[in-house]
Each structure stands twice: as structure tokens, then as C-alpha cells.
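Some notes on the structure that comes next.
The values are calculated or read from the model by the stated rules, or taken from the named source; none is laboratory data. These numbers come from a predicted model, not from an experiment. When we count neighbours, we look across all protein chains shown, and the Cβ atoms used for this are built from the backbone with ideal geometry, even at glycine. Each accessible area value is taken on the protein alone, full model and side chains, heavy atoms only, with ligands, DNA and RNA left out. Shrake-Rupley method; radii C 1.70, N 1.55, O 1.52, S 1.80 Å.
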Amino acid sequence: MLNKRVASDPRLTSVAPMAECNDVEKKDVELVLLKERNGVQYANTALVNSTAGPEREARETWGKKVDFLLSVVGFAVDLANVWRFPFLCYKNGGGAFLIPYLLFLLIAGMPLFYMELALGQYNREGAATVWKICPIFKGVGYTVILIALYVGFYYNVIIAWSLYYLFSSFTSDLPWVHCNNYWNSWNCSDPKLLNTSLLGHNTKYSKYKMTPAAEYYERGVLNLHESAGIHNLGLPRWPLLLCLLVVIIILYFSLWKGVKTSGKVVWITATMPYMVLFVLLIHGITLPGAMDGIKAYLSIDFVRLKEPQVWIDAASQIFYSLGAGFGVIIAFASYNKFDNNCYRDAIFTSSINCVTSFFSGFAIFSVLGYMAVKHGVDISEVATDGPGLVFVIYPEAISTLPGSTFWAIMFFIMLLTLGIDSSMGGMEAVVTGITDDFKVLKKHRKLFTLVTAGGTFLAALICVTNGGIYVLTLLDQFAAGTAILFGVLIEAIGVSWFYGVDRFSEDIRQMTGFKPGLYWRLCWKFFSPAFLLFVVIVSIVKFKPLTYDEYIFPNWANNVGWGIAVSSMSLVPIYAIYKFFTVRGTLKERIAYCITPENEHYLVEQGKVQQFKLKHWLAI
């Protein structure tokens with residue numbers, strides 16, 4: 001194909017007598033031909049030193065390979081690994097839950113993770129411009145960038161809570177121990193005096209709102225009692241506002257110079273959680289009742305596998321846990337060297353993420369077992385997930401330990417670092433995705449990063465009001481729920497079907513020296529899209545009106561939530577329509593230009609469109 005084009009273009013026939021060129025000239029010509037074929041994406045390592053390749057070499061790369069690995073692990077391992085997976089595992093049959101979890105990891109989670117790493121590394125572009133491989137799908141890039149921005153609006157607030165708790169821990173008398181603080185209600189009860197008979201009918205200890213720890217979270221930190229609901233948010237709380245500002249400043253100075261600085265920051269933020277988690281585990285297993293908690297965590301109940309909800313929970317968890325679809329993996333991989341072994345990276349980092357989720361369950365449930373023994377209740381009474389676990393139950397358990405101040409500081413440092421590097425990944429996806437698309441912004445990356453950070457701060461102010469938890473809950477449900485599943489589904493279809501698994505596999509062979517096996521190609525083309533379609537449908541069918549504990553959100557709030565979700569998803573069809581009507585030609589030519597990689601548009605002119613052949617759609 002390439003030789004035919006050379007023969008038909010008089011501008012290229014002049015390079016034919018290569019035998020008369022010296023070595024440097026010969027390499028230059030070879031690189032030009034490669035650039036014609038691969039859109040400035042592939043060059044043999046022997047040609048890198050050629051003067052003909054400044055465009056590829058101009059892109060920044062990671063200082064060290066380990067910087068990239070820590071960044072990916074740091075992004076994927078976030079607060080959900082600590083506050084969601086252990087509870088899901090316990091709730092859905094203990095060790096039996098690992099069966100659907102690992103199954104979905106192998107057929108969807110890991111293949112999608114691998115796909116995004118390879119996609120970003122080969123094309124060396126962010127989430128939007130990477131779609132030069134199939135221009136009509138560029139709206140997917142804008143979708144995931146907008147979702148990453150939405151997530152930053154509320155995720156940074158959770159990090160601000162962790163920072164607030166950390167500051168509050170530097171005292172010999174932790175503020176969530178007693179009921180004699182100004183924020184406590186008259187109904188505040190000493191946990192030592194509580195038993196199941198005093199909690200009320202069907203009220204679990206983990207949901208009881210009158211303990212000092214629960215009141216500190218909802219009344220002392222959130223000031224939730226001053227809000228009647230999402231319609232009555234109130235003003236921003238200055239302590240949380242200051243903590244949010246500190247978080248945004250940390251993010252800005254971690255990202256302002258690109259991966260050269262963020263790659264160094266993750267040496268702390270990505271490794272610190274593991275050290276703290278290990279220390280908490282070692283201490284946790286020495287507590288009375290710890291073994292009971294761990295046994296409950298691992299107890300195997302195969303009967304639960306008959307329940308559809310167990311499989312749904314496993315599918316959702318493996319997807320959100322790995323973080324595919326937010327544009328972060330693509331952005332990080334785009335700064336890799338071209339010949340980096342992305343296959344090995346995908347296996348390593350996704351495995352680390354899942355092992356971390358499982359490992360964190362031991363640290364969590366050893367303490368929950370201790371709490372159950374201390375209050376004379378069953379594990380199910382204290383087991384919970386989400387903010388209630390890390391901001392109420394766990395802090396309360398820590399407050400009863402000798403040296404409670406030290407353990408509180410350790411725990412909230414872990415939460416802070418878990419959140420920071422994940423938030424760094426989200427903001428990097430936004431900055432890289434937009435600056436790659438608008439080159440003028442790339443020249444002013446520091447300023448654009450500042451604008452992005454500042455905009456995120458201003459938008460997040462609504463989440464640090466008295467009723468901010470309601471807005472946060474709404475965003476958490478809708479901003480990255482069905483929308484992100486839809487985005488990754490379209491992404492998988494665009495890469496596997498329109499661009500083509502065979503062509504994508506060849507791209508990987510050029511980078512790594514070997515072609516992905518049949519297993520990966522089948523996953524990309526069939527299993528992963530089917531998995532995503534299943535989860536998208538389930539997320540819509542199983543949707544329930546939003547609630548926060550006993551508060552039921554009004555209908556208009558649910559409509560606003562769906563509006564937020566649709567605002568990102570709609571970018572896919574909007575851009576596709578825009579692209580179709582902005583290219584020239586007949587109907588067939590317009591379709592061809594929209595689905596053909598930009599570096600192969602000359603084939604459209606020749607009437608040799610690969611996507612118009614049945615062989616393209618059947619290839620694996």
C-alpha cells in the first residue's frame with residue numbers, strides 16, 4: 001500500500017534511489033516514510049537520533065519508569081479501595097465474592113486497562129486528540145475529560161475532609177471522643193453505655209447518629225444539622241474552605257510543570273498509604289476480636305453467588321476500582337517512551353490495585369472485629385462502607401486505643417495521600433486532554449493548570465456548605481455513574497470495531513515487539529464491550545431515587561443529576577454530527593473521512609477505505 005502511494009505521487013518518487021544517500025540521509029527518508037504510514041507514531045529506535053523526528057521527541061516523557069508506575073498505581077488505588085471493596089466482599093459472600101470479581105478482572109478490567117495504556121502510549125496524545133484514529137469518536141474524549149472535571153468538583157472535598165480530620169488529630173484528646181463539645185446535641189450518647197437495646201428498632205450501630213464520632217462528622221465537620229436539604233445549602237464553612245484551598249494548592253504545584261513534577265510527588269503519595277496500611281494492619285490484628293472480624297471478612301458463602309446483585313456489585317467494583325475511562329490512563333501513558341512494555345505495565349499495575357483492595361480488608365475488618373467485641377454486637381452491626389466507615393466508625397475505634405493520637409494521624413495521612421494522587425490523575429487528564437487539543441494552551445501549561453485548579457476550587461465551594469454533602473452525594477451518583485460506563489463502552493467499540501483489533505494489535509507489536517494474544521483480542525472485541533453494555537443497562541434498570549441516610553432527594557434533584565450525566569454523554573453524538581457536517585464530499589466520502597484514521601485519509605481519495613470491507617469487521 002505504501003509503495004503504491006510512493007509510485008503514484010511524484011513528490012515521493014524522488015526518494016527512491018536510497019543507495020546514493022549517506023547513512024544520515026537514508027535514515028531521514030526512512031523516517032519520513034514511516035511517518036506517512038503511521039501518522040508520526042512509530043519510528044524504529046535506530047531512527048530516534050535522526051534529525052527528521054523532532055515532532056515525536058518534543059513531547060515530555062517521564063523522568064523514570066517508576067514515576068509512571070507509581071502514578072498509575074496511585075491513581076487507581078484510591079479511597080474506594082479502603083472504604084468500598086472490603087464491605088462489598090463481606091456483604092456478598094466473603095471469599096466467594098472473589099470469584100466474580102476476578103472473572104470480571106480478567107475479561108474486562110485488565111483488558112480495558114491494557115487497551116488505554118497502549119492507546120495513549122502509541123498515539124502520544126490525551127483523551128481527545130487520541131481519536132485521530134477514528135475522528136468521529138472524538139466526542140468520547142471530551143466526555144471523559146468533562147467527567148474527570150466533574151469528579152474533581154467533589155472528590156477534592158473528600159480529601160479536604162481528610163485534611164480537616166488530620167489537623168484535628170494533633171491533640172491529646174481527640175475531638176470525636178466526648179459529648180461535651182459545642183457541636184454535640186443533647187441526645188449525644190457515650191458509646192460505652194450503648195447496646196443494641198438502646199439503638200432503636202432495626203438500627204445498626206454503624207448507622208446510629210448520636211455517638212460522639214457520628215456527631216463530630218455530621219455536626220462538627222459538615223454542619224449538616226443547619227441544612228434542611230439540598231434546597232437549603234447555606235454558606236460555605238470556612239474551615240473546610242481553607243482545607244479545600246490547601247488541597248487545590250497542593251494539586252497545582254504537583255502538576256504545574258507536568259509529569260516531571262507529578263512523577264516525583266507520587267513517590268510520597270503512592271507509597272505512603274502502603275506503609276500506613278501495613279502499620280495499621282499489624283496493630284489491628286493484635287486487638288481483641290480482630291480474628292473474628294477477619295474471619296467474617298473471608299467467610300465463604302457460595303450460595304450468595306446465585307444472587308444477581310453479587311455479580312452486579314463485582315462488575316461495578318472492578319470497573320470503578322481500576323479507573324478506566326476517566327482519560328487518566330491514556331494521559332499518563334502518552335508520556336511514556338514509545339518502546340515501553342505497556343503489556344507488562346498493565347498486568348503489574350492492575351494486579352497491584354486489586355491486591356491492595358483485598359489487603360486493605362484485613363486492616364479494616366480487624367478493627368471492625370474489635371469494635372464488635374467492644375460494644376457486644378455482631379460484626380454486621382458495625383460493618384459499613386463509604387464515608388461512614390472512614391470518618392465515623394474507624395476514627396471511633398482509633399480513639400479507644402492507647403496512643404490514639406498517633407493512630408489517628410497515621411490513618412488520616414493515609415486517606416489524604418490516597419486521595420491526592422487520585423485527584424492528581426484526574427486533573428492531569430483534563431490538562432493533558434485539553435492542551436493536546438488546543439496547542440496554544442500547551443505553550444501556557446502553567447497558566448492553564450492554574451485556571452483549571454482555580455475553576456475546580458470555585459465549583460467545589462458548593463460542596464463545603466452546610467448541606468454540601470447532599471450535592472456531593474448527587475455528583476457521586478450521577479457525574480461518574482452511568483456516564484463513565486457509557487463513555488468507556490463507546491471507547492471500546494471505537495477502538496475494537498471501527499479502528500480495528502487487528503490494526504490496534506499491530507500498533508502494540510510496533511511498540512513492544514510482540515502482538516497481543518488471541519485472548520486479549522477476543523476480550524477487546526467481544527467480552528469487554530459486552531461486559532460494559534451489561535453494566536450500563538444494569539445501572540439504568542437498577543436506578544433508585546437518590547437518598548442520603550433517611551433524607552430522600554426531591555424529584556428535581558434527581559432530574560438535575562440526570563442532566564449532569566447527559567451533559568457529558570451528549571458530547572458523543574453532538575461531536576459526531578458536527579464532524580459529519582464539517583467534512584466535505586459525498587455521503588459515502590463523509591462517512592469514510594469520519595471513520596478512517598487521519599493519517600489514512602489519502603485512501604479515501606483513492607476509494608480504498610478499509611472500513612468499507614467486510615474483512616475489516618471480521619478481523620480479530
Selection from the stretch 42-73 of residues outside any helix (DSSP H, G or I) and either at pLDDT 85 or above or in contact with a His (Cβ under 8 Å, 6 or more places away or on another chain) (or both) yields 59, 60, 61, 62, 63, 64
Exactly one of 390, 430 is in contact with a Phe, Trp or Tyr (Cβ under 8 Å, 6 or more places away or on another chain) and crowded, with 24+ Cβ neighbours inside 10 Å, and that residue is 390
When the stretch 573-609 is checked residue by residue, the ones that are open to solvent by less than 80 Å² (accessible area, probe 1.4 Å), closer than 22 Å to residue 504 by Cα and part of a helix (DSSP H, G or I) are 576, 591, 592, 593, 594, 595, 599, 600, 601, 602, 603, 604
When the stretch 368-417 is checked residue by residue, the ones that are touching a residue at least 24 places away in the same chain (Cβ under 8 Å) and not in a helix (DSSP H, G or I) are 376, 377, 383, 384, 385, 386, 400, 401
Result of the Cβ filter at 6 Å on the stretch 152-167, keeping first residues that are under 19 Å from residue 449 (Cα atoms) and partners that are hydroxyl-bearing (Ser, Thr, Tyr) and in a helix (DSSP H, G or I), at least 6 apart or interchain, is 152/456; 155/423; 156/423
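Here is a yes/no grid of residues against (1) touching a residue at least 40 places away in the same chain (Cβ under 8 Å); (2) under 20 Å from the mean Cα position of the chain (by Cα); (3) assigned to a helix (DSSP H, G or I):
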position: 277; (1), (2), (3): yes, no, yes
position: 309; (1), (2), (3): yes, no, yes
position: 329; (1), (2), (3): yes, yes, yes
position: 337; (1), (2), (3): yes, no, no
position: 343; (1), (2), (3): yes, yes, yes
position: 348; (1), (2), (3): yes, yes, yes
position: 356; (1), (2), (3): yes, yes, yes
position: 365; (1), (2), (3): yes, no, yes
Subset of the stretch 478-499, residues in a helix (DSSP H, G or I) and farther than 19 Å from residue 107 by Cα, comes to 478, 482, 483, 498, 499
Among 125, 116, the single one that is open to solvent by 10 Å² or more (accessible area, probe 1.4 Å), in contact with a helix residue (DSSP H, G or I) (Cβ under 9 Å, 6 or more places away or on another chain) and of a type outside the set (A, V, I, L, M, F, W, C) is 125
In the stretch 500-542, residues that are open to solvent by 70 Å² or more (accessible area, probe 1.4 Å), assigned to a helix (DSSP H, G or I) and within 18 Å of residue 121 (Cβ to Cβ) total 1
Selection over the stretch 435-458 where residues are in a helix (DSSP H, G or I), open to solvent by 10 Å² or more (accessible area, probe 1.4 Å) and out of contact with any Phe, Trp or Tyr (no Cβ under 7 Å at 6 or more places or on another chain) yields a count of 13
Only one of 138, 192, 207 is basic (Lys, Arg) and within 30 Å of residue 570 (Cα to Cα), namely 138
Those residues of the stretch 172-191 which are part of a loop (DSSP other than H, G, I, E, B) and in contact with a helix residue (DSSP H, G or I) (Cβ under 7 Å, 6 or more places away or on another chain) amount to 172, 174, 175, 176, 177, 178, 179, 181, 183, 184, 185, 188
Residue 360 vs (1) open to solvent by less than 10 Å² (accessible area, probe 1.4 Å); (2) in contact with a Phe, Trp or Tyr (Cβ under 8 Å, 6 or more places away or on another chain); (3) under 22 Å from residue 208 (Cα atoms): all pass except (3)
Restricting the stretch 561-572 to residues that are open to solvent by less than 70 Å² (accessible area, probe 1.4 Å) and β-branched (Val, Ile, Thr), the one nearest to residue 476 (Cα to Cα) turns out to be 564
A careful count of residues in the stretch 286-304 that are open to solvent by less than 70 Å² (accessible area, probe 1.4 Å) and more than 27 Å from the chain's Cα centre (by Cα) gives 9
With the first residue restricted to the stretch 558-580 and required to be more than 13 Å from residue 481 (Cα to Cα), and the second required to be of a type in the set (Phe, Trp, Tyr) and surrounded by 13 or more Cβ atoms within 10 Å (Cβ to Cβ), Cβ contacts under 7 Å at 6 or more apart or on different chains are 571/142; 575/142
